[in-house]
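Presented below is the structure to which this report refers.
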Amino acid sequence: MLYMLLVGCLNKVIVREPQVYTAEINQWDNWAVKQSALMKTFMKSACTCKDDNSFNEPDCNLAADYILTIEARSEWHKQKALSLAELGPAPKEVPPTIPEITCPLK
């Protein structure tokens, strides 16, 4: 019985059609990138600089971190998710560096 359980766990099980999974990864990436662009536009009118590396408003610092992370790593994460599902080549092992916050955002 134990042998059957172990052998059964070694077999790959496809739980999602590759086209569906790829479409979902692309959609999640599109949402993140679009949200990042919208937040960046909103920050121009809603956020004020405390100094060259931070905003007066705590939520603006969080938004800036999100934007910089998406801009730097969204494509890497998309490629990583697809490669883990064996649907594309693996990205570089080390993800891109996230730039430091600047005020205003560049």
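The values are calculated or read from the model by the stated rules, or taken from the named source; none is laboratory data. The shown structure was predicted, so the numbers you read here are calculated from the model rather than taken from an experiment. Methodologically, a virtual Cβ is constructed for each residue, glycine included, from the backbone with ideal geometry; neighbour enumeration extends over all protein chains shown.
Name the residue that is surrounded by the fewest Cβ atoms within 10 Å (Cβ to Cβ), counting only residues in the stretch 29-86 that are without any contact (Cβ under 8 Å) to a residue 24 or more places away in the chain, within 22 Å of T97 (Cβ to Cβ) and out of contact with any helix residue (DSSP H, G or I) (no Cβ under 9 Å at 6 or more places or on another chain).
Only one residue fits best here, namely L84.
Would you check if there is a residue in the stretch 87-103 being buried (at least 17 other Cβ atoms within 10 Å of the Cβ), among the hydroxyl-bearing types (S, T, Y) and touching a residue at least 40 places away in the same chain (Cβ under 8 Å)?
no
Determine which single condition K50 fails, assuming it passes every other condition in (1) assigned to a helix (DSSP H, G or I); (2) at pLDDT 95 or above.
Failed condition: (1).
Let's see how each residue does on (1) of a type outside the set (S, T, N, Q); (2) within 16 Å of L105 (Cα to Cα):
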{"site": "A32", "(1), (2)": "yes, no"}
{"site": "S36", "(1), (2)": "no, yes"}
{"site": "M43", "(1), (2)": "yes, yes"}
{"site": "P58", "(1), (2)": "yes, yes"}
{"site": "A64", "(1), (2)": "yes, yes"}
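Is it the case that the stretch 76-90 has a residue that's of a type in the set (D, E) and within 25 Å of E17 (Cβ to Cβ)?
Taking every residue of the stretch 76-90 in turn, at least one turns out to be of a type in the set (D, E) and within 25 Å of E17 (Cβ to Cβ).
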